[in-house]
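Q: Let me give you the structure first, and then I'll get to my questions.
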Amino acid sequence: MAVATLNSNESLTKPLLVSAGGHALVLVFLLASFHQHFRGEPWGGPGGGAIQVSVVRNLPGVPLPRPPVVAEGRVATETPGLHPSQEKKAEPQPEERAQEIPRFGEEPRKQTAPTRKEDRPTFLSPGAIPSSGGGPVALPYSSFQMGGAEGGMSFGSGGAFGSRYPWYVESVRRRISSNWLLSTVDPYVKWAPRAVITFEILRNGTIVNTQVLQSSGVASVDRSALRAIHDSSPLERLPSDYTGEVVAVEFWFDFRRPEGKP
């Protein structure tokens, strides 16, 4: 019986050793595989720096996201100020004119724009002498002295005759100046406003149509000027190359009596 028991124990020892060796190999393999995957210090080790985690109700100091809030837009209203607001003036709109419907068989009329008249400035020629007492439009005059008066004459429209025939104008001036005498004016008259007299000269030199265009206001002065013109007729004949039959003359003078003469 003792021999049988010993043999049975020896037969079990060998399988147990093989089984223990196999488990040891498996354990070594598992440890080697864990060592390759985790090459650091595991959590909770001496050098791992373990962190303690606990449950709290809220996190102080950490802003939590808020749901987006949509603000309703408000309409801007004007508030009353110290000064009244300026009213906007409405721009004038062009008036719409009704277009006339053309009748059957008639051609439509073309609308023409209204012509705009421009004011043209008037220019005086260099020889023009303005009138101090109103009177006619200033024309180019040839000035001269006649006794105690200063005067001038204009021949033709715009003075073209005088610029073309200055010798004839000079002969008329000498003739009328010689016939105007201070003795024909009242001695108490010292001066008189401007007088303007017009007349015409025919081709044969006769003076006609003598008229006082602007009176000096002193009867003796006007009569003296008219007498000097009448006594000068007839004048020299008009120039032969002058194509007109008559030439109009405008004569003006300002009477001034020299000091010391009656």
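Q: Over the range 142-256, one equal point on each Cα, no solvent: what is log10 I(q)/I(0) by the Debye formula at q = 0.15, 0.19 Å⁻¹?
A: These q points yield log10 I(q)/I(0) values of -0.60, -0.94.
Q: For the range 142-256, calculate the relative contact order in percent as a whole number, restricting contacts to Cα pairs under 8 Å that are 6 or more residues apart.
A: 38 percent
Q: Given points 7 Å out from each Cα along the Cα-Cβ axis, report the residue 208 to residue 231 separation in nanometres with one decimal.
A: 2.5 nm
Q: Between residue 190 and residue 178, how many nm apart are label points set 7 Å from Cα along the C-beta direction?
A: Taking the simple label geometry, residue 190 and residue 178 are separated by 3.4 nm.
Q: Hey, fewest Cβ within 10 Å first, where do 168, 188, 242 land in order?
A: Ranked by crowding around the Cβ, least crowded first: 188, 242, 168.
Q: Using 0.36 nm times the number of residues separating residue 30 and residue 93, minus their current alpha carbon distance, what extension gain do you get?
A: 12.7 nm
Where a number appears in this text, it was derived from the coordinates with a stated rule and is not lab data. Values in this document were obtained by computation on a predicted structure and should not be read as measured data. Don't worry about glycine lacking a Cβ; one is built from the backbone with ideal geometry, like all the others, and counts go over all protein chains shown.
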